[in-house]
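The values are calculated or read from the model by the stated rules, or taken from the named source; none is laboratory data. Since the model is a prediction, treat every value here as computed from it, not as a measurement. Cβ placement follows ideal geometry from the backbone for every residue including glycine, while neighbour counts extend to all protein chains displayed.
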Amino acid sequence: MATIRQRGAGPVRAAVPLPAGGESILALKRRARRINRALAEKYPYAHAELDFRNPFELVVATVLSAQTTDVLVNQVTKILFARYPDARAMSEAEPAELETILQPTGFFRAKTKNVLALSNRLVDEFNGEVPGRLEDLVTLPGVGRKTANVVLGNAFGVPGITVDTHFGRLARRFGWTASEDPVQIEFDVAELFEPRDWTMLSHRVVFHGRRVCHSRKPACGACPVANWCPSYGLGETDPAKAAKLLKYELAPGNEALLEKLLTETHRAAEIRMESQRRLP
Ligand code: SF4
């Protein structure tokens with residue numbers, strides 16, 4: 001069994017079984033860190049793809065991102081935060097008006113209820129501010145561990161692993177975990193990396209899942225971590241065919257956008273926003 005350590009912000013970890021296929025924990029860690037380095041080289045511009053200017057905007061945007069795309073959420077939150085800039089203003093919003101604004105994100109009635117309840121709770125219990133501790137964040141309506149880790153990692157600088165559908169799928173394909181349970185995946189992956197790497201690792205893995213290692217058609221033949229991935233061959237291995245499966249800035253025809261992101265990594269979020277504005 002792997003060594004068990006206790007993380008500051010979470011419960012005691014469950015024991016992590018030795019990986020299948022005879023790979024030792026040490027070899028697994030080395031391979032995992034090699035993958036992380038290759039992803040860092042491939043995506044030096046990786047960042048949170050939800051737009052936000054403060055913890056309140058990030059927690060609301062993350063709640064709204066359930067079952068929809070970050071691109072759509074970014075379009076909606078631009079209108080939402082212009083109208084309701086903080087928890088106090090949002091808590092006084094008319095539900096019908098909020099529903100109209102949130103409609104494009106889907107499940108808008110439930111999301112309206114959550115955003116209102118969340119804002120009221122922030123006003124009543126936290127003086128209108130988003131708390132910076134996991135144990136407080138997960139008590140907020142609509143906020144689970146995933147959202148709490150997104151907020152901690154990106155708005156408070158507290159290391160966190162964000163397990164969304166992309167991260168879970170890739171962690172299993174990389175052999176970092178065998179679990180389908182987000183909390184167990186978080187603990188299994190946390191064993192393999194230093195806490196200082198957790199937040200950026202989360203962004204890189206999600207970037208890779210969205211662009212290359214898709215759910216149904218992974219582009220194995222155009223994958224920068226193919227050498228260290230036990231799932232190589234799950235998808236298209238022919239380099240030319242695989243290249244056609246790549247998405248966003250890696251997609252054929254988007255070379256200028258990629259070049260811009262690589263040369264101006266510090267402006268990556270801004271460049272992404274500009275390119276999204278040009279979408280039909
Ligand atoms: S080799 Fe294939 S399965 Fe492995 S990470 Fe790359 S695209 Fe995904």
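Here is how the numbers come out for the structure above:
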{"read-out": "The stretch 225-248, subset within 26 Å of Ala48 (Cβ to Cβ) and touching a residue at least 60 places away in the same chain (Cβ under 8 Å), residue nearest to the ligand (Cβ to nearest atom)", "value": "Cys229"}
{"read-out": "Qualifying residue in the stretch 141-163 (condition: more than 27 Å from Ala110 (Cβ to Cβ), within 16 Å of the ligand (Cβ to nearest atom) and buried (at least 20 other Cβ atoms within 10 Å of the Cβ))", "value": "no"}
{"read-out": "Checking Ile271 against (1) in contact with a helix residue (DSSP H, G or I) (Cβ under 9 Å, 6 or more places away or on another chain); (2) within 16 Å of the ligand (Cβ to nearest atom), the condition it does not meet", "value": "(2)"}
{"read-out": "Members of the stretch 165-190 that are of a type in the set (D, E, K, R) and part of a helix (DSSP H, G or I)", "value": "Arg169, Arg172, Arg173, Glu186, Asp188"}
{"read-out": "Lone qualifier among Leu258, Leu245, Leu234 - being under 18 Å from Ala46 (Cβ atoms), modelled with pLDDT of 95 or more and surrounded by 13 or more Cβ atoms within 10 Å (Cβ to Cβ)", "value": "Leu258"}
{"read-out": "Residue satisfying condition, being over 25 Å from Thr112 (Cβ atoms), at pLDDT below 95 and not in a helix (DSSP H, G or I), within set Gly142, Gly160, Gly153", "value": "Gly160"}
{"read-out": "Number of the exception - Asp124 against (1) in a helix (DSSP H, G or I); (2) closer than 26 Å to Asp197 by Cα", "value": "(2)"}
{"read-out": "Answer residue from the stretch 192-224, given it is in contact (Cβ under 8 Å) with a residue 24 or more places away in the chain and more than 19 Å from the chain's Cα centre (by Cα) and is nearest to the ligand (Cβ to nearest atom) among those", "value": "Ala219"}
{"read-out": "Residue within the stretch 167-176 that is touching a residue at least 60 places away in the same chain (Cβ under 8 Å), surrounded by 21 or more Cβ atoms within 10 Å (Cβ to Cβ), within 13 Å of the ligand (Cβ to nearest atom) and not basic (Lys, Arg) present", "value": "yes"}
{"read-out": "Some residue of the stretch 66-83 being in a helix (DSSP H, G or I), within 14 Å of Thr147 (Cα to Cα), without any contact (Cβ under 8 Å) to a residue 60 or more places away in the chain and assigned by TED's automatic domain parsing to the domain that holds Val115", "value": "yes"}
{"read-out": "Of all residues in the stretch 87-126 being within 15 Å of Leu140 (Cβ to Cβ) and of a type in the set (D, E, K, R), the one that is surrounded by the most Cβ atoms within 10 Å (Cβ to Cβ)", "value": "Lys111"}
{"read-out": "The stretch 252-270, residues that are without any contact (Cβ under 8 Å) to a residue 40 or more places away in the chain and not charged (D, E, K, R)", "value": "Pro252, Gly253, Asn254, Ala256, Leu257, Leu258, Thr263, His266"}
{"read-out": "Subset tally (residues that are assigned to a helix (DSSP H, G or I) and among the aromatic types (Phe, Trp, Tyr)) for the stretch 191-214", "value": "2"}
{"read-out": "Lone qualifier among Arg216, Arg210 - being surrounded by fewer than 21 Cβ atoms within 10 Å (Cβ to Cβ) and under 23 Å from Gly144 (Cα atoms)", "value": "Arg210"}
